Each structure stands twice: as structure tokens, then as C-alpha cells.
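Before any comments, here is the structure.
The values are calculated or read from the model by the stated rules, or taken from the named source; none is laboratory data. Just so it is clear, the structure is predicted and the values come from calculations on it, not from any experiment. All Cβ positions, glycine included, derive from the backbone under ideal geometry; neighbour counts span all protein chains shown.
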Amino acid sequence: MTVKARLTALSVALCLALPLSVPGPATAQGFAGLGAEAESFAVPDPDTEFAFPADHLPHPDYRIEWWYLTANLEAADGTPYGVQWTLFRSARRPGTAPGWQADQLWMGHAALTSAGQHRVAERLGRGGTGQAGVTEAPFEAFIDDWTLRSRAADGADALSSVQLTARGADFAYDLALDATGPLIFQGDDGYSVKSPEGQASYYYSQPFYEVAGTLSLPEGDVAVTGTAWLDREWSSQPLSETQTGWDWFSLNFDSGDKLMGFGLRSTDGSHFTSATWITATGATRPYGDGALSVTPLETADVAGRDIPVRWRVTLPEEGLDITTEPLNPQAWMDTLFPYWEGPISLSGSHPGRGYLEMTGYPPRE
Amino acid sequence: MMMRTGMSALLAHWRRHPIQLATLLIGLALATALWSGVQAINAEARASYDRAAGALGQGTLDRLVSAEGVTLGDFADLRRAGYVVTPLVEGTLALGETRLTLRGIDPLTAPPGLGNAAIAGDDTALDGLLSEDGLLLVAPETARGLPRDGLPPLRLSGQVDQGTALTEITTAQRLLGVEELTALVLAPEQPFGLPAIETATRLTRIEGQSGGDLARLTDSFHLNLTAFGLLSFAVGLFIVQSAIGLAFEQRRATFRTLRALGLPLSRLMVLLAAELSLIALLAGIAGIALGYAIAATLLPGVAGTLRGLYGADVSGQLGFDPLWALSALAIALLGAGLAGAQALWRVAQMPLLAPARPRAWAMANARALRLQGAFAAALLGASLGLAIWGDGLVLAFACLAALLIGAALALPPVLIGTLRLLRPLARGPVGGWLLADARQQVPALSLALMALLLALSANIGVGTMVGSFRTTFTGWLDQRLAAELYVTARTPSEAQAIRAAVAPEVDAILPVWSVDVTVAAQPAEIFGIVDHPTYRDNWPLLRAEPQVWDRIAAGDAVLVNEQLFRREALALGEPIAITPDWTLPIAGVYSDYGNPAGQLITGIEALDQRFPNRPRLRFALRVDPEAVPDLVAMLRDRFDLPAANVIDQAQVKALSLRIFDQTFLVSGALNVLTLGVAGFAILTSLLTLSTLRLPQLAPVWALGLTPGRLGRLEVARTALLALLTWAVAVPVGLLLAWVLLAIANVEAFGWRLPMVLFPAQWLWLALAALAAAILACLWPVYRLTRLPPSHLLRVFANDR
């Protein structure tokens, strides 16, 4: 492992900061509330050992953190769906405060994607009021009535079995998730480097969920089954000045193997890539910058922007060469800080399904 | 070529008669200005309501409240149950003489429109709001009146209502010294698939008052303004019509000549229409400028009125809307068209070889007069019917309109009849001629006299209403503000200390404690009072059951204010639900002017039992008036109380009356303007007549009356007509006042006022009417006295 000096904030977390300022990638660094006190936030250390269940819980001394869940689902008739559930935490200063004092701000994003429709909901709140937060026993990450609640048996990992609910203006879902594999630690045992300068975050995942549950839609309930993937990340520092956005893939191959891979785009056009190959049994092979390559093949007009909706993803070391297709090219998260997030299908050397997140694509001039 | 010659021939007339041109332009400009000015004021006020409808302050969204207070726990419980609610803390902050309404919101959960507009586009506002110091978002007008010390930093925002500061919830709680929430506000759209919120909470839901309600509430006021505007416009059109009529009459010779020279009639009509349009355009532009000036001058007063009467916040600043300017131009063109249509029609009908003799205007026509009288009687009958059977504000105003128009139409027949009746009283042939000539002139002057009648009646009516209201209000203030001193402590412990300190100095300490409740699905306030002669002897009860004060003291009954009583059509003895589990019978009704909300009173012990945890900070002190200054000094010294927390009776009264007077400032200003326009209408009518009447005056002159004597007689005749008009206006004005007081006020505000007569005011108006009429006839009379005898002689020489 190379100990690179500085960290980068994982940009997604800035979603939380951004709605409080001007939406848009240009202000990724600009959450004004983090002035001088921001310096007192903790920074990730590559030698830290993870400890559970403590590390499933919030780390209020770090500026940003999230519980990020995506699911590829299917109705009994084969109709594919995608579900997203995210709880972001952003701290105005380290530590917590009771009541209305807004030291810890929380944001929830939920989405339900089908081929024809992409439904989105968003919630904001502050810690201390009881409206949003994460509790230990039983484990529950929540904002309003959206919850990620542990159903795990005593002694099992709290996240090995969870119930997931969310509700928007025109949809709701209630899903039972059961893990068939272990937690996966991304990068160097959970220390995930994000830039050539070495900025990093703590990052682990649970990619082995089997899902069963119900989607509630205005036209009626739909019973679904499928797979889900949970990402947990926390960090403190913003993106480097030169990073404008990222393209992030979580892929489930029919073979049972999985891949987490991302490319962080720089203003000079270069990509900083990182990947973790996860075998069906839960063994991991991390790959540093350059091993993974992601290439846009086709763009679509989404919310007045040119968004690459088809990609070529290659990782020669694993013999991977695939093309991704979106279930719904218009999977636009029209939230305060907008981005693209939706289910994809994979063809080529490793067919399968997955999720793609793309941020930092500015509107056309 | 012909067109140009024709046009220059037509326009030459105005060069030779600059005063006539000025009259026409001024009349049209005045009419346009008053109408468009009133429109601008109305538009500005409506825009303010729309803004308010999008904000939280006017309670446009449904709220959840509780008499016991709303807690953080209530908020969290509902959010965790999936309901989109957002907390709200509201209160009034006393800063010296200024009162600032604080509205604390949670910017994270507030739905769009809940003050978010003020934050949007200002990326540091939210950070400021959430910072330790907090941030107050205020309108620029509000910021000017605020002290710099002791408040969080200010940020200016045009999106915040005047007199209000938008801030973050913790800042509002800190400044107001409260821990609980005022209410939870429900987002208009709740998430998918949730049961009704009533099943999920102990809190009471209050229907939001939509901006439409505010608009409806203030409709009466705007209708009032529009009526004034329309009245002024109509009066202005009288001026324009007489000026245009005169100009056309005088140019009959020109028209004949032009036609004889070969100008086709259609061309002539086009030229005249173009000329009229040009004049209307010029007058319209002047009218827009004048109208804007009038609106800008009156708007602060209107804003004061709306705030005083309805609690509606209207910005005192006038915007400029190009659409408004265009509509003002259109109304000027329309007005000129209306006024000129008759003249153009006559030109079109004029035979090619018509004699160039000026034709006297519409002569007294007995049949037309009878028809007009019948129409007037029908209108007055309709007005009476509406007064008896009508219901609702619009019908009340319809009743007013029928009364005014009917009276105006009835004026010429009444004047002619009166002059006929006066005939036997006339001494000598000159007196007889004067009366007969006056009668002869009534039809020609009737439009101007009607304008005068309308202006005078409106003056008397509105004056009587405002005067009655003020007399009642002053008496009511004396009753209601019986205590000498009103003290507000900042904390409960300070309240205790103050009570202990003043106890030896005062005759009685009367607590003034209230709780916000929901009565008949509307917010109301209930006060608890102690049993004391201050109330028994002074309280302005309108109706009461026997032993009312004993029952109130025992907490067995409530008093309700007149607004609530009328709005809910309550009856004495009827039970009223104060909270879901607390119902008391109504033992009395009291007047409560200037308060848009419902109010109730019961015994303080009963209220204490129900709401043991309300802060008790205010009380009234009964004390020898002589001792008040010392007591005030002592309280301020010992407790360092701000000036606003120790208020003596005289201050409250002065403040209340000042607000009252400001409330009716606009009516006064519009009254003066209307009277001015009516005076101007008389001037133009007389100017028009002065040349037309030569055939009538010449014979009298030939019989030996000097021009000077004729002039004096002209003045006397105008004064006589003005006085007679005034005599008709007095009863019409009183009827108007009665409709306003007994019907319109009850519909609009919920209170009925006794009518008080102010004869001195009528006499002043008689003088004003005389002055206006005499001033108006001075110029025509001066011209008459200067008339060369040849002009008069020519009357006999002309080809009649």
C-alpha cells in the first residue's frame, strides 16, 4: 500500500453539502458552513482496523458519510426494476448536538426505476431532533419513515439481514434483504484511494444481498425479487480542485463474481480509476489506477445534458470486456444536487446486471 | 393634400382656444389618473396577497396545533410516521417602539414556498441561518426600523413580508424565549399511501387560510377603492364631454366650410377621430404620470389601512407595470371615444348646408325628464329593496351603487321641480328671470351637477361613517383601556418580582393572560380575567345575560367578541367549544374593533386550570393616574424594562387613534380629489355654456341689465344650483352612511356601528360646494363682463 498523504472526499457525499449551497458540480468544494472548524474533522488513516457494529454507525468526527443501497429487481412476470436508497450524513462541525442544533445534517434519496419511469424522492433533516440518524440496537439507519433496519439474529453481523423501506409522492417499497456472503473491504482493506494525490475514504460494501419484497405504485403493488448492494463510506475532505465528477459501477455477473469500479474525471480529461474484483465466494482482488478502463459509447439527452448512457468497461487482468446498457436512460435524480443513477444490464465477456452512478455532467450551454 | 389642409384647419381651433384645449387635456388626464391610480393601488395590494399566499405567514398551509404547545417530540413522531410536516415558531418581538413578527422555520424540512423563496439563490443565507448567531431575513422597509444591537445579522430580501423577519427555528426560539413550537405545518402533498394525519397525532388540524381568503376579506376595501376610481373617472368624463361638445359646436362653421370645399364626410370623420385620438394619447400619457404619482402617494396610506383593518401586509412601494400603463392609455382612448361619440355623431348627421348657427344644447325636454325621473325612482326602489332583503357584501355595494346613481339621475327633475316651487318667492322680474333661467340651464349643467352631487354625497357618507367609527372607537378605547398601566415581564420570575414590587403602590393588579385556541376551525385567543370592577363597570358589552360577570368570574361562561359572534351566527346561552374537551355557554358579547380574529374571555381560574403551564407575563395595573409617572420610572429603573414593556393608558390610546386615523387617510384624500374633479366639471360646463347662452343673455342685456349685473346674477345662479345640489346631497350622503355602517361594515368586518351625525361637517361641505361652484364660474363670468357689446348685438343681427 502506498501511503498517500491526502484524502479526497467522496464526491457523492457532497450531495449533502451542495443542496445547502448552489447546486452544481462547480461548487463541489464550496460548502461554506465548513469554514475554520472543518479543519478539526478527522481524516482516514490507512492503518485503522474496522470494528463492528461500531463502524456500521455514524462517524460524527468525519465530515461526510453514507449508507448507499442499490437493488436490481424483477417482478414475477420478468419486468425489471431498480431501487435506490441512500442516507447521507454531512457534519457542520465534528460531534453531535441535541434538539434543533444543526450540527449533523441528513439527506435521504430514494428512487424506483422501471423501463418507462424513474420516480424520485428526497428528504432533508437534522440530527438531534429524532427525525434522522442511525441507531445501534437494533441497528437502524433512517430519515422520516425511510429505514434500513437490521433483522439480523443475535451474534450475526447487523447488516447481514435488513429490512428496507422508503416512500415518495408516487411510490413506496418494502424489501427484505439477506446477505449470502461477507462484508467486502474496498481498496486496501477498506482504505479506498480516490485520486493520484492519494485522497481516500473508508469504504466497505455488502454486495451479496438476496432481495424479496413489494413495490407499491399508484397502479398497485408489485412483488419483486432480486439482488442488492450496500456501500458504506465516510471521509472528511472535498474533491481535489481538478476532479469534476465520476462514473461508478457496481456489477453482478451471472457467474456470481462481482466488480466495484469507478473512474473519477479530471478537468484535463484523464480518468483516475479504481476497481475491486469480488469472487462469488467473497475473495477480493483490488486494482489501482489504470487497470480498469471505462469508455463512454453513446450519450443521451437527459435533463438538458449529454449523459453517456452506454459504456465499455474493461479490466484485462480479469478478462473483462463488457458493454453496459441502461434500463431507463432517463434515470435522472432530479434532487437538489442532480445526478444520474440507475440499473444497467451487461453484455460481452461477463453478462449480468448492475447499477451505474454518474455525476458532474453540466447542462449544455 | 386635402387631409393636411383639413387637419390644420381643425387644429387651428385649438390654437385659438388654448384654454379649451387645456380643459380637455386636464379633464381627460384627471379621469385617467384617478382611475389608473386606483387600479395601480389595487394591483399592488393583490400582488402582495399573492406573495403572502406563497408564504407561511398568512397561514396558507394547514397547521397542527395544540393548546398545550407543540413539541419536538410531536414533530419527530409525525416525521417518523412518514408525514411531511415542518416546525414553525412564530411570535412578536418588541424592539423599542417597533414590533417585529418573527417566523422561525426549519429550512431543511420546509416545503417549497415556506419562506424558501427568500433563501433561494442566496447560497450563504442557509449557512447564516444555521450558524450560531443566526440570521434574520427582512424586507428593506423592515430593516430601516430595526435597531442594530441585540439582533442577529440582517439579510435583506424582497420576498419577506413587511414587519416580519424570517429566521431559523432555534434563532426564533432564542429571541422569543420559548422552547415549544407554535405549530407544525403540513406540506400540501403528503407521501404515497399514508392514512389521514388526524389518525396519527394528538394535535388539532387547522385549515390554512388561503391567500384567496385574504383577498376576499379585503375585497370590500378594493371594491370601495374601485368605486371611488370609477366615480372619479365618470366625473372626469363629464368634463371631457362638455369640452368636446363645445369644441364641436364652435367648429360647426369650419366643418361646413371644409365640406363645402370638397372634403368628403368620411374624411372629415377620420380627421376628427384622429384629432380626438391624438388628444386622448397626450392626455393619457399625462394621466399615467399623474396616476402613478397619485398611487405612489396614497399607497403607504392604503397599506396602513389594510394592515390596520385586516392584518394584511402590503408593501408601501409601488412597482411600475407596463401593462398597467397600456391599460391606462386604453382607458383614456376609450373615455375620449365615449365622450366624443355624441359629437362625432352630430357631425355625421349635419346636413351639408347646415346653418353655422350655434345650436343650444339639449333643451329642457319634459318627456326625457319624466323618463329620467322614473328610472331614478326605479333605481332608488331597487336600492331600498337591496337594503332590506340583500345579503352579502357585493349586494351591499350594489345597494350603494343603485342609491348613488338613482340619486344622481333624480337630481335634474328634483332641481327643476324645486326651482319651479321657488318661483312664487321670487321678487321682481329679474328674480323671476333668474329662477326661470336657472331652470332652463339645469339640463345643460346636469352632468356637472350630478358629479357635484356624487362628490358631496360620498363626502358626507364616508365622512359620517369614519366619524361615527371614530366616536365609537374613542368611547370604546376609554372603556376597554380602563387600567392606567400595562406591564409585560420578560420571564415568569421577573413577573413575580414586579408584582411584589408594585403591590404596595397600586389599587389592583389585573393579569392579562391569554391562550391561543382554535374556535370554529379558526385561530382565536381566550383571555382569563379576575373579578374586578374594572371589567364590571367598563367592559363594552353589547349584549349580555343576567349575572354575566358573576358567571364569568366563576368560569361558568364565556364572553365572545362581536366578530366571532356574528361570523359564526352565535346566540347568547349557546355553548361554544374552546378546546375539544372544554365547552362553555356564551354569556355576553363585547365590541372589539380593529381585531380580525376571534376572542373569548372567561374567569382566570378556569383558564389556569386548563392551561397551567402558560407563561404569565402581562398584567394591567389600576393606580392613581397621578402616580403613574413615578411608577413607570420605578419599574424601568428597578427592572431595566424596555420602554415597550411598560405602557401607560395614554400611550396606548394615542397609538390606537393614530393607527385609526391612518386607516382612513385614504378615504379623506380621495374625497378631496373627487370634490376637486366635480368643481372642475362645473367650470368646463359653464365655459361651454357661456358662449352658447349669448342668445339668452342678449335680450336681457338689451332690456338694460349691465354686463356687471349679469355677471353677479350668473354667480348667484351657480351658487343657487350648487346649494340646491348640496341640499339633495345631505340626505343621500346620510343614506349612504347608513348603508355603509349598518350593512357594508357588518359584512366586511363583523361589527355594526351606531351612526353619529356631524352637522358641522355638512355646513363645511356646503361652503366647499359653494366655493367650488363660485370658483368655477369666476372665469366664465369674467369673460361675460368683458364681452364687447358688439358680440351681444350680433346675436340679433345673425341669421336666426
Kindly establish whether A:Gly213 is of a type in the set (Gly, Ala, Ser), under 27 Å from A:Thr335 (Cβ atoms) and within 14 Å of chain B (Cβ to nearest Cβ). no
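Yes/no matrix, rows are residues, columns are (1) touching a Cys at 6+ places or on another chain (Cβ under 7 Å); (2) assigned to a loop (DSSP other than H, G, I, E, B); (3) over 14 Å from A:Tyr204 (Cβ atoms):
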| residue | (1), (2), (3) |
| --- | --- |
| A:Pro44 | no, yes, no |
| A:Thr48 | no, yes, no |
| A:Phe52 | no, yes, no |
| A:His59 | no, yes, no |
| A:Tyr68 | no, no, no |
| A:Leu73 | no, no, yes |
| A:Tyr81 | no, no, yes |
| A:Gln84 | no, no, yes |
Suppose we filter A:Asp268, A:Asp247, A:Asp289 for residues that are under 21 Å from the mean Cα position of the chain (by Cα) and in a loop (DSSP other than H, G, I, E, B); which single one remains? A:Asp289
Where in the stretch B:679-785 are there helices (runs of 4 or more DSSP H), lying wholly inside it, with at least 3 residues that are of a type in the set (Lys, Arg)? B:707-739
Scanning the stretch A:206-215 residue by residue, those within 17 Å of A:Trp248 (Cα to Cα) and crowded, with 23+ Cβ neighbours inside 10 Å turn out to be A:Pro207
Can you name the residue in the stretch A:104-154 that is assigned to a loop (DSSP other than H, G, I, E, B), within 20 Å of A:Arg232 (Cα to Cα) and small (Gly, Ala, Ser) and is also nearest to the other protein chains (Cβ to nearest Cβ) among such residues? A:Gly127
So, restricting to strands (runs of 3 or more DSSP E) that lie completely within the stretch B:583-673, which ones have at least 3 residues that are at pLDDT 80 or above and in contact with a helix residue (DSSP H, G or I) (Cβ under 8 Å, 6 or more places away or on another chain)? B:598-603, B:618-622
Among the hydrophobic types (A, V, I, L, M, F, W, C) and more than 30 Å from A:Leu175 (Cβ to Cβ) - does that describe any residue in the stretch A:240-263? no
Enumeration of residues in the stretch A:170-204 that are surrounded by fewer than 20 Cβ atoms within 10 Å (Cβ to Cβ) and within 14 Å of chain B (Cβ to nearest Cβ): A:Asp170, A:Asp174
Kindly indicate which of B:Thr684, B:Thr691 is over 32 Å from the mean Cα position of the chain (by Cα) and modelled with pLDDT under 80. B:Thr691
(1) surrounded by fewer than 21 Cβ atoms within 10 Å (Cβ to Cβ); (2) touching a residue at least 12 places away in the same chain (Cβ under 8 Å); (3) of a type outside the set (Ser, Thr, Tyr); (4) part of a strand (DSSP E or B): which one isn't true of A:Asp301, the others all being true? (2)
Qualifying residues in the stretch A:281-295 (those that are exposed (fewer than 15 other Cβ atoms within 10 Å of the Cβ) and without any contact (Cβ under 8 Å) to a residue 60 or more places away in the chain) - the one farthest from A:Pro362 (Cα to Cα): A:Ala283
With the first residue restricted to the stretch B:110-139 and required to be polar (S, T, N, Q) and in a helix (DSSP H, G or I), and the second required to be modelled with pLDDT of 80 or more and surrounded by 20 or more Cβ atoms within 10 Å (Cβ to Cβ), Cβ contacts under 9 Å at 6 or more apart or on different chains are B:Asn116/B:Ile105; B:Asn116/B:Pro107; B:Asn116/B:Ala110
Any chance the stretch B:399-407 includes a residue that's closer than 21 Å to B:Ala451 by Cβ, surrounded by fewer than 19 Cβ atoms within 10 Å (Cβ to Cβ) and modelled with pLDDT under 80? yes
Restricting the stretch B:64-101 to residues that are among the acidic types (Asp, Glu) and within 14 Å of another protein chain (Cβ to nearest Cβ), the residue that is farthest from B:Arg202 (Cα to Cα): B:Asp77
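Out of the stretch B:140-150, which residues are in contact with a strand residue (DSSP E or B) (Cβ under 6 Å, 6 or more places away or on another chain) and in a loop (DSSP other than H, G, I, E, B)? Give the steps one after another, and end with the answer.
Residues of the stretch B:140-150 in contact with a strand residue (DSSP E or B) (Cβ under 6 Å, 6 or more places away or on another chain): B:140, B:143, B:145, B:147.
Passing the criteria: B:Gly145, B:Pro147.
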So, in the stretch B:156-185, of the ones that are in a strand (DSSP E or B) and away from chain A (no Cβ under 14 Å), which residue ends up surrounded by the most Cβ atoms within 10 Å (Cβ to Cβ)? B:Leu166
Residue that is nearest to the other protein chains (Cβ to nearest Cβ) [pool: residues in the stretch A:155-169 that are buried (at least 16 other Cβ atoms within 10 Å of the Cβ) and not in a helix (DSSP H, G or I)]: A:Arg167
Filtering the stretch A:115-146 for residues that are closer than 21 Å to A:Glu341 by Cα and either among the basic types (Lys, Arg) or surrounded by fewer than 20 Cβ atoms within 10 Å (Cβ to Cβ) (or both) leaves a count of 6
Could you tell me whether any residue of the stretch B:214-225 is among the hydrophobic types (A, V, I, L, M, F, W, C) and modelled with pLDDT of 70 or more? no
With respect to the numbered conditions (1) more than 25 Å from A:Leu177 (Cβ to Cβ); (2) within 14 Å of chain B (Cβ to nearest Cβ); (3) touching a strand residue (DSSP E or B) at 6+ places or on another chain (Cβ under 8 Å); (4) not hydrophobic (A, V, I, L, M, F, W, C), which one is the sole condition not fulfilled by A:Arg93? (3)
